[in-house]
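For reference, the structure is listed below as structure tokens.
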Amino acid sequence: MNAQPVAGVVLAGGLSTRLGQDKAALRLAAGGPDLLARTHALLRGLLPRCWVSCRADKPRLGYACVFDAVPGKGPMGGIVAALTRARDEGFAAVLALSCDLPFMDAPTLARLLAARQAALPQTLLTCYAAAATGRLEPLAGIYEVAALPLLLDHAGRAGRGSSLFRLFPADLCRTLPYGPEAARPFFNLNTAADLAAAQRLAAAAEPAGEAGALGRP
């Protein structure tokens, strides 16, 4: 199972309510790609196929889109839609990556893919977890197509919110712990303060030539 092909999906269907502007269209540096383009390029550099999950009323032009299968359920709807497409196209799993992780990088995702290959056969989710708290990073995780029944059942009865953090039992997860020194790729943009912090980090990294931190894959 774990050697079978993986597709990618960029999660870009959120309302960006707290930030007040479309996260996917943000650019941390003038002249650089927006976060949607950066995230898509990261996944396409590692995987043979990549979709963009979005709302049917706001398609992402220029990308192969999958529309939320379960409206009103947050990122779960996008993951379900991507897994359904993956199943139909012969993929065994999907690496789901939120578009609001401006410092995510290819080595971090490559380690995730390697961990998935080494996971036990019953594994349904492979993702990182903060070593200090055990908090999962399910919006940068690999979901097996075999997880579809569990996700659909949960989506049918659960409310919107952080349900993905608690959905998968420990014996169905393969987690990679990370410490503070490796936390940068998981910095996510939710508020105007987050955006300002990300812009400062990107500007500070520019002299060192860290193009990825500036949003350039």
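The values are calculated or read from the model by the stated rules, or taken from the named source; none is laboratory data. Note that the structure is a prediction, hence the values are computed from the model and not measured. Positions of Cβ are backbone-derived with ideal geometry, glycine not excepted, and every protein chain shown enters the neighbour counts. Ligands, DNA and RNA are stripped out before the accessible areas are found, and what is left, the full protein with its side chains, is counted by its heavy atoms. Shrake-Rupley method; radii C 1.70, N 1.55, O 1.52, S 1.80 Å.
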Within region 147-171, take every residue that is open to solvent by 40 Å² or more (accessible area, probe 1.4 Å) and touching a helix residue (DSSP H, G or I) at 6+ places or on another chain (Cβ under 8 Å) and give me the one that is modelled with the highest pLDDT. Leu150
Filter result for Arg85 (more than 30 Å from Gln21 (Cβ to Cβ) and basic (Lys, Arg)): no
Select the strands (runs of 3 or more DSSP E) contained entirely in region 62-132, then report the ones holding at least 2 residues which are surrounded by fewer than 23 Cβ atoms within 10 Å (Cβ to Cβ) and not aliphatic (A, V, I, L, M). 65-67
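So in region 40-61, with the set limited to residues that are without any contact (Cβ under 8 Å) to a residue 40 or more places away in the chain and of a type outside the set (D, E, K, R), which one is most open to solvent (accessible area, probe 1.4 Å)?
Within region 40-61, the subset without any contact (Cβ under 8 Å) to a residue 40 or more places away in the chain is 40, 44, 56-57, 59, 61.
Now restrict to residues that are of a type outside the set (D, E, K, R): 40, 56, 59, 61.
Values: His40: 37, Ala56: 76, Pro59: 61, Leu61: 151 Å².
Going through the qualifying residues, I end up with Leu61.
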Going by what's in this entry, would Ala193 be described as at pLDDT 85 or above and either open to solvent by 40 Å² or more (accessible area, probe 1.4 Å) or closer than 28 Å to Gly32 by Cα (or both)? yes
Please go through region 133-146 and give me each residue that is open to solvent by 40 Å² or more (accessible area, probe 1.4 Å) and outside any strand (DSSP E or B), ordered by number. Thr133, Gly134, Arg135, Ala146
Within the set of pairs 6+ apart or on separate chains, which have a first residue in region 11-32 that is at negative phi, a second that is of a type in the set (Lys, Arg) and modelled with pLDDT under 75, and C-beta atoms under 8 Å apart? Ala29/Arg216; Gly32/Arg216
Any residue at all in region 92-104 that's farther than 19 Å from Arg38 by Cα and modelled with pLDDT of 95 or more? yes
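Conditions tested, residue by residue: (1) among the polar types (S, T, N, Q); (2) under 19 Å from Pro75 (Cβ atoms).
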site	(1), (2)
Gln117	yes, no
Ala140	no, yes
Tyr143	no, yes
Asn190	yes, yes
If a residue has to be of a type outside the set (Phe, Trp, Tyr), within 19 Å of the chain's Cα centre (by Cα) and not in a loop (DSSP other than H, G, I, E, B) to count, how many in region 173-192 make the cut? 8
